[in-house]
Amino acid sequence: MKASQPPTITHGMAPAGYWVLHRHRANDEEGGGVTLVHSDQRQVIAVSLASTDTGTDCLVSKLRTCRGRLNIAVVYRPPTSSPKHGISVTQFCSEFSELLDELLALPGELVVCGDFNCPGQAESVDERLLDVLESCDLVQRVDQPAHQDAGSADRPRRRRRCDGGHCG
């Protein structure tokens, strides 16, 4: 999806009673980016970050719940094989670690979801990504993949405890 498309297309993907929040891929004529679809009963606000990861599409938003602030990061990493957008797993993990540091410094709880495209050996997840996630004390909250070929890292993650610790 392109940022230049009319709202009837960019917002028409949401069913009645829902809103769409987009982060379009910068300078990309082919489209791309990430989207968060949410209930129109919730005020969801995009959050700007200082980190500049070049290899992922990332949308960070916040919302108020009865328990306080919830930060939601939607992340898509194009596969390494993508000729125009792919970066190495090593570069992604480095940038993702910096992004998580910034996200974990925000007030409130954090949920990270998306497609990291970091497969490992024998249907597992790349160890470098697991190291980053574990160093941030992020835990799996979904027990099955979002699609047939998804690895376990393609499922939402949430912080086990909030102690302001450093990632990576």
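Quick note: the coordinates plus some simple rules give every number you see, no bench work behind them. For clarity, every value in this text was computed on a predicted model and none was experimentally measured. No Cβ is skipped: glycine too gets one built from the backbone with ideal geometry, and neighbour counts run over all protein chains shown.
Numbers below:
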| read-out | value |
| --- | --- |
| Lys62-Glu134 FRET efficiency (beta carbon distance; Förster radius 25 Å; 0.05 resolution) | 0.50 |
| Computed lengthening from Ser39 to Ala105, 0.36 nm per intervening residue step minus Cα-Cα distance | 21.1 nm |
| Sequence-distant residues sharing a close amide H with His85 (under 5 Å, placed H) | none |
